[in-house]
1. Go through region 196-231 residue by residue and tally those that are crowded, with 18+ Cβ neighbours inside 10 Å and over 24 Å from residue 153 (Cα atoms).
2. Would you say residue 141 is touching an Asp or Glu at 6+ places or on another chain (Cβ under 6 Å) and either surrounded by fewer than 18 Cβ atoms within 10 Å (Cβ to Cβ) or part of a strand (DSSP E or B) (or both)?
3. Residue 161 - would you say it is open to solvent by less than 60 Å² (accessible area, probe 1.4 Å) and either out of contact with any helix residue (DSSP H, G or I) (no Cβ under 7 Å at 6 or more places or on another chain) or closer than 18 Å to residue 32 by Cα (or both)?
4. Say whether the condition of being touching a Gly at 6+ places or on another chain (Cβ under 9 Å), of a type in the set (A, V, I, L, M, F, W, C) and open to solvent by 10 Å² or more (accessible area, probe 1.4 Å) is met by at least one residue in region 257-266.
5. I'm told residue 97 meets every condition in (1) assigned to a strand (DSSP E or B); (2) open to solvent by 20 Å² or more (accessible area, probe 1.4 Å); (3) among the hydroxyl-bearing types (Ser, Thr, Tyr) except one. Can you identify the failing condition by its number?
6. Return the pairs, sorted by first residue and then second, in which the second residue is part of a loop (DSSP other than H, G, I, E, B), the first residue lies in region 219-238 and is over 20 Å from residue 255 (Cβ atoms), the beta carbons are less than 7 Å apart, and the residues are 6+ apart or on different chains.
7. If you go through region 253-279, how many residues are part of a helix (DSSP H, G or I), in contact with a strand residue (DSSP E or B) (Cβ under 7 Å, 6 or more places away or on another chain) and of a type in the set (Phe, Trp, Tyr)?
8. Of the residues in region 102-136, how many are at pLDDT 95 or above and surrounded by fewer than 21 Cβ atoms within 10 Å (Cβ to Cβ)?
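The values are calculated or read from the model by the stated rules, or taken from the named source; none is laboratory data. All of these numbers come straight from a predicted model, not from anything done at the bench. As a convention, Cβ positions derive from the backbone with ideal geometry for all residues, glycine included, and neighbour counts pool all protein chains shown. For the accessible areas, the whole protein counts, side chains as well, though only heavy atoms, and no ligand, DNA or RNA atoms are used. Shrake-Rupley method; radii C 1.70, N 1.55, O 1.52, S 1.80 Å.
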Amino acid sequence: MPATSAITLVMPEAFDDAVAALAEFGPDGAPLAGGTWIMRAPIRGEARRGAYVGLGRIAALQAVDLDDDEIRIGACVTHVGLVAALSDVPQCRGLVTAAAKAANPAVRQMATIGGNLAAWEFPASDLTPALLSLEAAVELRSPGGTERVSLERFLLRRRAVEPGILVSRVVIPRMPLTTGHARLPLRKAGDYPVAIVSAAASMDGHGKVDDIRLAVGSVEASARRWPGLERALLGARLDPASAQELARERSGDFAGRDSVEAPAWYRVQVLPALVRRAVEAVLASPR
């Protein structure tokens, strides 16, 4: 276990001050995002950074704003806050389920959406696949300004994000989608899932799928979409049993990850059943 050393913590009240502090600390600093993951770093044999910048005093990062075009979620909105703000938004039923079922009640009170996305070493986030299925984007603030990137692109680059760049908001486009979220908890310690499937779909006037997005989490090192299965379901009636069979035929699209909690083959094996549950949730979701 790494030796304990002094750690600097600053708590700015303005976003620009937080960005400036991170730029000043450089590689030795990091936002206090994914705090529950950071605090357990010594247990995993990992060293902490020398300095952290807390974001909890920045009011703008705790807001959820909705209009006709998009939903904007501040990076410091907690899982509990997501449930409270979005429970009446039909498009977000899957995201609300993800936030309400993640980890345990104590973690849901503290863990934030920005922290979930920033903790690139943590593969079992419930929020990430739910946001992928909604085609969410991430706003990044740096000393040079604001950049909006797709969540898919952010997940590919988040490990190499330069010092001084912070996730400020997650943005979801408003679309006529129904959504669902399914997870399989670990058998002995059920806080984190073996596998996750999030789904979002819209149907035409004949009940056939005219748009669908499926995202898988916890199976590999990072959540990602399942484009092969999406294409197979497009244009047909959305049926849970058929979706499960199509997922079984395409389960080789995922390699799986080994861990002390579950072997790679098991994570992949349970995916078809989770696809069925996610599709059932979509069909049961209000439109």
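1. So the answer is 2.
2. Details: touching an Asp or Glu at 6+ places or on another chain (Cβ under 6 Å): no; either surrounded by fewer than 18 Cβ atoms within 10 Å (Cβ to Cβ) or part of a strand (DSSP E or B) (or both): yes.
No.
3. Values: open to solvent by less than 60 Å² (accessible area, probe 1.4 Å): yes; either out of contact with any helix residue (DSSP H, G or I) (no Cβ under 7 Å at 6 or more places or on another chain) or closer than 18 Å to residue 32 by Cα (or both): yes.
Yes, satisfied.
4. Yes, region 257-266 contains at least one residue that is touching a Gly at 6+ places or on another chain (Cβ under 9 Å), of a type in the set (A, V, I, L, M, F, W, C) and open to solvent by 10 Å² or more (accessible area, probe 1.4 Å).
5. (1)
6. Once the first residue is over 20 Å from residue 255 (Cβ atoms) and sits in region 219-238, its partners that are part of a loop (DSSP other than H, G, I, E, B) give 237/207.
7. Here is the first cut: in region 253-279, the residues part of a helix (DSSP H, G or I) are 253, 264-269, 271-279.
Now drop any that are not in contact with a strand residue (DSSP E or B) (Cβ under 7 Å, 6 or more places away or on another chain), which leaves 266-267, 271, 274-275, 277-279.
Those left that are additionally of a type in the set (Phe, Trp, Tyr): 266.
The number of residues fulfilling the criteria is 1.
8. Number satisfying all stated conditions: 1.
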